[in-house]
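The values are calculated or read from the model by the stated rules, or taken from the named source; none is laboratory data. What you see is a predicted model, and the numbers here were worked out from it, not measured in a lab. Quick reminder, even Gly has a Cβ in these numbers, built from the backbone with ideal geometry, and neighbours come from all protein chains shown. Surface areas here come from the heavy atoms of the whole protein model, side chains and all, with no ligands, DNA or RNA. Shrake-Rupley method; radii C 1.70, N 1.55, O 1.52, S 1.80 Å.
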Amino acid sequence: MSWKTLDDIDLNGKRVLVRVDINVPVVDGAVTDATRIQRIVPTVRDILAADGKPILLAHFGRPGGERRESLSLKQLVPTLENAFNAQVLFAADCVGVEAELAAEELQPGQVLLLENTRFHAAETKNDPDLAAGMARLGDIYCNDAFSAAHRAHSSTEAIARLLPSCAGRLMQAELEALEGALSAPKRPVTAVVGGAKVSTKLELLGNLIDKVDYLVIGGGMANTFLVAKGINVGNSLAETAMKDTAADILTKADKTGCKIVLPSDIVVAEKFEANAPHQVLPADQCPDNGMILDAGPDSVAEITEVFAQSQTLIWNGPLGAFELEPFDTATNAAALKAAALTRSGQLVSVAGGGDTVAALNASGAAHDFSYISTAGGAFLEWMEGKTLPGVAALEH
Ligand code: AMP
């Protein structure tokens, strides 16, 4: 893959249209988690430092193609000014005369924020006319929204074909981390796939079997694999209708030489609730009224041994019902081992997906991972081996 970065383009005096993801949670007009805003600061800062003029393009919520004041980006201006330590002007549309004038009159050191791109129904249709209207506001297009790159929209795909384009700092960091982990990784490579269901992660499992040396399957989806092996899982979450698919995956993995690691022991309770009475049993001993809620200590030992033998780790999904103590034990222990190996330089570790980030944050391991992707859908599609339209459009 080859794409330009901000370092490859002369930004001096140029209007740089930056596609960002500032879809932050807002309660009663206040931003409750500004992480996404913090993550675009390096791009805005570097454009300003190079005497470029940043003009921010972004979506906010799902207005369905209609102007909805509650989803106006205007409410983010104070938070953005704080984060950038710069004046942020606002244009009430992302195309049109008013926005063009505001872009034209933007002074060095100022940032311009354009109104929610999804107030236009054409945005999500990747409409070329809307993209052309946006492109009139800038000299350069910079995409810094990896988390929106799995969608071909006017502001993520069509526009990249109309202006000289590059990746912003966050996009660059995501792409470098992800390519390093799956395109040309140091081997052995281990993937951890956990979470609730096989059905939502089928394509992901199929792609990984071809690419990784070890595939650790955990969480509710491991139960479906146990069923495929003829093991009783009692009242556990399992998709019995998917058992043939799971069996096919096991057979295919055998052929490609990918070693699948399933739980050898399990933590079983009768109720799906925190601190429910529980016991550790061999994986094939789940009672009829039992529910498997976590992997047991032998499984954790096996998983951490696989980590110790690996050079690259990709992780999506928890190993158990991590929101309920103590059924977060396997997820926490494995995550802390991955963090320690990363800290000592033995492992490159990349993790992503909504629940995964929450689980790794809760374990205290997240900050030691090599890279944590905050992109949910885009990270999963990348793990599935799909081409992301917003990234493909940057390639040249
Ligand atoms: P996902 O969104 O597919 O990554 O799934 C995450 C969800 O799977 C979390 O809410 C976990 O509580 C749930 N989960 C993981 N393991 C189990 C399990 N053994 N039984 C029930 N739910 C589980």
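Considering only DSSP beta bridges where both residues belong to the chain, give the percentage that are antiparallel (nearest 5). Could the numbers behind the result be given before it?
Values: 11 of 49 bridges.
The antiparallel fraction comes to roughly 20 percent.
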Quick one: if you stick a label point 7 Å off each Cα along the C-beta vector at Leu202 and Asp129, how many nm between them? 3.9 nm
How many nm is it between the label spots at Asp288 and Thr387, if each spot is 7 Å from the Cα in line with the beta carbon? 5.4 nm
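Over the chain, calculate the relative contact order: mean separation of alpha carbon pairs under 8 Å at least 6 apart, over the residue count, as a percent.
Relative contact order here is 15 percent.
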What ³J(HN,Hα) values, in whole Hz, does the Karplus curve 6.51 cos²θ - 1.76 cosθ + 1.60 give for the range 198-207 when θ = phi - 60°, with x put for Gly and Pro? 5, 4, 7, 10, 4, 5, 5, 4, x, 5
Amide H neighbours of Cys94 under 5 Å, at least 5 residues apart or on other chains, H built in the peptide plane: list them. Glu115
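State whether the chain is rounded, prolate or oblate according to the following rule on the C-alpha gyration tensor (a ≥ b ≥ c being the square roots of its eigenvalues): a/c under 1.5 gives rounded; otherwise a/b larger than b/c gives prolate, and the remaining case gives oblate. Write down the numbers at each step before the final one.
Details: a/c = 2.28, a/b = 2.06, b/c = 1.11.
Verdict is prolate for the chain.
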Solvent-accessible heavy-atom area per residue, rounded to whole Å², over the range 185-383 at 1.4 Å: 40 Å²
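Over the range 6-168, what is the relative contact order in percent, taking alpha-carbon pairs closer than 8 angstrom and at least six residues apart?
Working: 332 pairs, mean separation 45.9, N = 163.
With pairs under 8 Å counted, the relative contact order is 28 percent.
Can you tell me how the range 6-168 classifies by the Cα gyration tensor, rounded, prolate or oblate, using a/c under 1.5 as the rounded cut?
On the way: a/c = 1.40, a/b = 1.07, b/c = 1.30.
Rounded, because the longest to shortest axis ratio a/c is under 1.5.
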Taking H placed 1.01 Å from N in the peptide plane, check which residues at least 5 places from Val18 or on another chain put their amide H under 5 Å from its amide H. Ile55, Leu56, Leu57, Cys142
Using r as the Cβ-Cβ distance of Ala276 and Leu101, and R0 as 35 Å, what FRET efficiency do you calculate, to the nearest 0.05? 0.05
In whole Hz and in residue order, list the ³J(HN,Hα) couplings for the range 259-272 that follow from phi through the Karplus curve 6.51 cos²θ - 1.76 cosθ + 1.60, θ = phi - 60°; x for Gly and Pro. 8, 8, 10, 10, x, 9, 9, 9, 9, 10, 10, 9, 10, 8
Karplus ³J(HN,Hα) for the range 39-51 (6.51 cos²θ - 1.76 cosθ + 1.60, θ = phi - 60°; Hz, whole; x = Gly/Pro) runs 6, 9, 4, x, 5, 5, 4, 5, 5, 4, 5, 8, 6
Under 22 Å from Lys252, Cα to Cα: lysines that are on another chain or at least 8 residues apart: Lys197, Lys201, Lys211, Lys229, Lys243, Lys386
Can you give the angle from 0 to 90° between the axis of helix 354-363 and the longest principal axis of the chain, with both taken from C-alpha atoms, to the nearest 10? 70 degrees
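If Trp315, Trp3 are ordered by their accessible area, calculated over protein heavy atoms with a 1.4 Å probe, which sequence runs from highest to lowest? Walk me through the numbers before you get to the answer.
Details: Trp315 0, Trp3 40 Å².
I get Trp3, Trp315, largest accessible area first.
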Counting only residues 5 or more places away or on other chains, whose amide H sits under 5 Å from the amide H of Val261 once H atoms are built in the peptide plane? Leu215, Val216, Ile217
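Where the only charges are on Cβ atoms (+1 Lys, Arg; -1 Asp, Glu), what is the dipole of the range 6-168 about its Cα centre, to the nearest 20 debye? If you can, show how the numbers build up before the last one.
Working: 16 positive and 23 negative charges, 76 e Å.
For the range 6-168, the charge dipole is close to 360 debye.
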